[in-house]
Structure formats: structure tokens, C-alpha cells
Amino acid sequence: MTKIGVLGLQGAVREHVRSLEACGAEAVVIKRKEQLEEVEGLILPGGESTTMRRLIDKYDFLDALKNFGQSGKPMFGTCAGLILLAKEIGSISTGHLELMDIKAERNAFGRQRESFEADIDLKGIAEGFNAVFIRAPYILETGDDVEILATYYDKIVAAQQDHYLACAFHPELTDDHRFTQHFVDMVKQSQKKLASL
Ligand code: GLN
């Protein structure tokens, strides 16, 4: 069975585990960097990116996470996880893991729209997907080889660049697992590709 990790330092960890299991994958909650060797793909969950970054530093995860992505293993950043993956963050113009060629803006929908749900279309993956946004970021800019998967009122809310997938919403909070299934399929594809190298 395909083993996929969920970074378990902070945030919506259990919900991702449930969603991965619903997609027929085995989920591993990653609390120590050594555990990254056990998994073929990794989800960076939603939560609070500044807190997560503090814990990443505290538990010496930064290089291990960067190496994981650079080795070609798929990573899926949801909400705060998108912020962690981004090469640049609007307000501070550097990033955390700096793996995906996107510029993210934190808490970008403003106070009056702190949390909301919207039906969006995920290009080639799911139509009418109920997306839950919680103090969500959005993507301000994308590099040339980034595919935009979804927008909401012209704001980019989901994108993919090769083995990196990111979304501004929480795909794990409903029973619609189509987006998580897309990530599980990406991990399966990459297992085949990495095995043939
Ligand atoms: N606003 C949070 C941050 O900046 C992200 C919110 C979320 O993950 N639901 O990290």
C-alpha cells in the first residue's frame, strides 16, 4: 500500500489521515524527521504557518523537508502548508521551504471573509468541489511551469508544479476526497517513476 506522511507538528493532522485512508493509502503521522524515510509522499497540513515554522526549526526539520521535495517525492501543502511550500511570501518576500515556484499572500481574503465555503472547479480533477477556506492565503504569482488548477474571484487558490501540489483551502474537512485522491495518484505515479530511474 502507498504510504503517505502527514507532517504532525501542528494543525489539521488527523483529518488528513482520515482522508488519505478513505483514498486507500496508508497514512503516517510524521513527528520526527527520520520518519520521512518511510513515506513516498507528504502532506503539509493547514494550521498556523508561523507556529509550524517555529516547530520545524525546533525539531530540526527544515533540511529534511527540503531534501524530501528535492528528491522528487510529492508534497501537498494545504492552506498553511501552501505558505510553507511557497518560494516567496508576499509580506516578507522570502519563504520557508521555498520549494514551489509560487508567491503566497497570508490571510489574503481579509477579515470580513475569514472563513467561508465555496464551490470551485479543480481543472481536470473535480467539478463543483466544496472548498472550505479558513483564514486562507491565496497565490499572488506563479512561475512559468506552474499549472493553475483553480481560481476563486480571480484569485489563484490551487496549483501544481510537477510533484508539488498546493491549495489555499482545506480539502480534508469534507467527505469529498477527490483532491486528496489526485495527490495519492501523483504519489503512485512518482513511485513508478522513481523506481525506474
Ligand atoms: N492563516 C494561516 C497562516 O498564515 C493559515 C490558515 C490555515 O491553515 N487554515 O498560516
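No value in this document is a laboratory result; all are computed from the given coordinates. Remember, predicted model here, so these are calculated numbers, not experimental data. Using ideal geometry, Cβ is built from the backbone for each residue, glycine included, and neighbour counts are taken over all protein chains shown.
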Next on the checklist: Can you tell me the convex hull volume per residue for the stretch 121-175, based on C-alpha atoms, in Å³ to the nearest whole number?
Outcome noted: 92
Item to check | the chain: calculated mean residue ellipticity at 222 nm from DSSP helix runs of at least 4, using -39500 (n - 2.57) | outcome: -8000 deg cm²/dmol
Checklist entry - When ranked by the protection proxy of mean other Cβ atoms within 10 Å per residue, highest first, what sequence do the peptides 57-67, 167-177 form? => result 167-177, 57-67
Checklist entry - Volume per residue, Å³, of the convex hull around the alpha-carbon atoms of the chain? => result 108
Item to check | All lysines inside 17 Å of K123 as judged from Cα atoms, apart from same-chain residues fewer than 8 positions distant | outcome: K155
Next on the checklist: One quarter of the convex hull surface, Cα atoms only: what value does that give for the stretch 145-197 in nm²?
Outcome noted: 4.4
